[in-house]
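**Q** Before I ask anything, here is the structure I am working with.
What follows is calculated from the coordinates using simple rules that are stated; it is not laboratory data. Please read these numbers as outputs of a predicted model, since none were measured by experiment. With ideal geometry, Cβ positions are generated from the backbone for all residues, glycine too; neighbour counts draw on all protein chains shown.
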There are 2 protein chains.
Amino acid sequence: MPMSEYYGAVARSSTTSDVFNAVAEARRREILDTLIAGEKAVGTIVNDLSMSQPQVSKHLRVLSEVGLVRCKAEGRRRLYRLEPEHLRPLHDWLAKYEQAWNDRLDRMDDYLKELQQQGEPQ
Amino acid sequence: MPMSEYYGAVARSSTTSDVFNAVAEARRREILDTLIAGEKAVGTIVNDLSMSQPQVSKHLRVLSEVGLVRCKAEGRRRLYRLEPEHLRPLHDWLAKYEQAWNDRLDRMDDYLKELQQQGEPQ
DNA sequence: TTGACACATGCCGATGTCGGAATATTATGG
DNA sequence: CCATAATATTCCGACATCGGCATGTGTCAA
């Protein structure tokens, strides 16, 4: 016994084109992690991480679209290099919360100090 | 002229249940942001962010599943509070890269120092 | 108990995204 | 120019997720 005829549906916000989403995928994080050691060719990444070559290429594409990696052609291979500065949005966003969570620790600290003072009155 | 009959398809890794994905969604970040000020009831969030109530509830569910928020029942409303410590995985992961990017600055620094030394030999 | 709030859940359509396979592209060596 | 190595791109099926709507659940007040 339906109350109306049709259920709703709405276009979605697109995405995958911000740093947060780029980094949300575990495979892409693996790729970034392996690039910390220094720039690597696609084939090297494929070997090191045991991923398929197209998969690696596609992930690299996403990563480069958000600026997290840069590509340098060397002969017939392409060397990808990390561009860590572009993690900045993430870093900045996180910073707000580290503040909030340090405040907690501080309050905990104050509380402990109060306890101490009560332990040794005068 | 196809070479084979069927194209491949494969089950996906599931997900949405790690902090990275939880935080990847802009709306969820908005919710977290608004909770920095302190704990809030669902309805308050709905008002402050002009989102639909079910939407907020669903996002809060995801957030609480990864431990980023905690719920405390107060009468017939539910107060959600931030749990910033659970951002730790993100923070730790990021730390590796800040290292990498500081190294860059350091190398730049070393380079500048070398230039200076060459400028004043012996 | 009843009714109304406050919130959670279930269902649905649209769309995004991932991985696999095949194919296109580009550069290199002979 | 040709064959081949190294990458990129396209096409596809299977999910997963998001948002809207409708409804379920629990709590308070009279």
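**Q** Placing a label point 7 Å from Cα toward Cβ, how far apart in nm is B:Asp92 from its equivalents in the other copies, listed shortest first to one decimal?
**A** Inter-copy label distances (nm, one decimal, shortest first): 2.7.
**Q** If I take the rotation axis that carries chain B onto chain A, which residue of chain B has the nearest beta-carbon, and at how many angstrom?
**A** B:Ala24, 2
**Q** Distances in nm, one decimal, shortest first, from A:Glu30 to the same residue in every other copy, taking the label point 7 angstrom along Cα→Cβ.
**A** 3.4
**Q** Could you tally the net charge around A:Phe20, taking each other residue with its Cβ under 15 Å from the Cβ of A:Phe20, Lys/Arg +1 and Asp/Glu -1?
**A** Neighbourhood net charge equals -1.
**Q** May I ask you to report, in nm to one decimal and beginning with the shortest, the distances from B:Gly75 to the same position in the other copies, taking label points 7 Å along Cα-to-Cβ?
**A** 7.4
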